[in-house]
Amino acid sequence: MIGSSVPPSAAEFLAAPVSTRVASRRAARIGVTCRWRRLPLQEAPLAPSNFLISFLRAREMEKQQRDGDGGGGAGAAEGDIERLPADLLAHVLSLLPSFRDLSIAGGVSRRWSRAVERSLASRRRLSFAGQRTGDDTAARFVRAAVNLRDLDISRSCWGCKITDEGLIKISSADCVGKLTSISLWGLAGITDKGVIQLVSRAYSLQHLNIGGTFITDESLNAVANSCANLKSIILWSCRHVTEAGLVALVNKCQRLECINVGGMRVPPESFVGLLSISPALQIRSIPQIILNAGVQVS
């Protein structure tokens with residue numbers, strides 16, 4: 001029930017009639033019948049995405065209980081699910097912040113699985129930061145996000161287990177050639193093998209974050225050869241990258257405006273050579289050295 005601290009059951013959620021007029025406009029005002037009165041969902045205490053999350057959590061618990069009891073009983077609920085308009089369902093699913101919730105939603109029924117794919121297809125940004133995910137899950141979601149422009153696979157928690165295999169699978173997605181921003185920040189499980197495969201198909205890439213990884217000059221050469229539109233790159237703490245890799249990058253990526261080199265093992269004097277190639281280049285997070293040589297520090 002909306003407004004209650006108890007998560008709604010499947011029956012309560014599916015009892016909510018949806019206005020045809022509202023559904024046709026893909027609005028967020030879903031009419032929900034409460035025990036006492038009728039409230040538009042956006043005016044209720046629970047936002048649409050939170051209400052759906054509560055439903056999915058409750059459904060998952062019910063499924064676990066059924067599995068434990070060896071019973072069934074999901075047929076009627078799954079039949080009622082078909083009452084939700086496809087476009088409205090996909091819109092609400094697009095509001096879910098957690099990929100775990102999307103995975104649960106995809107398991108509700110075949111129709112919901114298609115709605116999850118439809119919701120992903122409309123996304124222009126996808127972030128796995130803070131999510132517990134692996135190679136197969138990440139690749140599956142990226143493949144479905146055909147209009148994606150911004151991909152963030154940063155490791156902000158120990159549960160992220162993306163490896164070269166995941167990057168290779170992601171590289172085959174249709175959206176990769178249209179990506180303008182990729183972040184692989186802190187992924188300890190990736191090497192040149194996966195990075196090269198991914199960036200070699202990212203022809204539209206403008207912003208790249210591969211800081212905190214174990215890449216070498218091989219990855220930078222791949223970026224230099226494939227990403228002519230690159231404007232910024234973060235190489236923070238990439239200690240296996242050398243001056244030769246930086247020179248190749250700056251030479252070929254003529255639109256490069258900013259490079260972050262903090263924590264690298266490249267001699268500070270080497271950055272003077274980069275400025276001789278691209279005088280307007282902003283070199284960030286380097287020590288205050290050789291200022292009289294014209295190194296821009298920020």
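The values are calculated or read from the model by the stated rules, or taken from the named source; none is laboratory data. None of these values were measured; they are calculated from a predicted model. So basically every Cβ, Gly included, is an ideal-geometry build from the backbone, and we count neighbours across all protein chains shown. Heavy atoms of the whole protein, side chains included, go into the accessibility calculation; ligands, DNA and RNA do not. Shrake-Rupley method; radii C 1.70, N 1.55, O 1.52, S 1.80 Å.
Values as computed for the structure displayed
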read-out: Solvent-accessible area of Trp185 with every protein chain in place, 1.4 Å probe, in Å² to the nearest 10; value: 90
read-out: Extension gain from Ser276 to Ser204, taking 0.36 nm per residue of separation minus the Cα-Cα distance; value: 23.3 nm
read-out: Relative frequency of Cα-Cα separations exceeding 24 Å in the range 150-242, percent; value: 8
read-out: Environment charge of Ala145, counting only residues whose C-beta is closer than 13 Å and scoring Lys/Arg +1, Asp/Glu -1; value: +4
read-out: Cβ-based net charge around Ala224, under 13 Å, with every Lys or Arg adding one and every Asp or Glu removing one; value: 0
read-out: Calculated FRET efficiency for the pair Lys231/Ser127, C-beta based, R₀ 25 Å, to 0.05; value: 0.80
read-out: Carbon + sulfur, % of accessible area of the range 129-178 - ligands and nucleic acids excluded, 1.4 Å; value: 47
read-out: Over the range 166-298: Kirkwood hydrodynamic radius from C-alpha pairwise inverse distances, Å; value: 14.7
read-out: Efficiency of FRET from Cβ geometry, Ala86 and Glu165, R₀ 51 Å, rounded to 0.05; value: 0.95
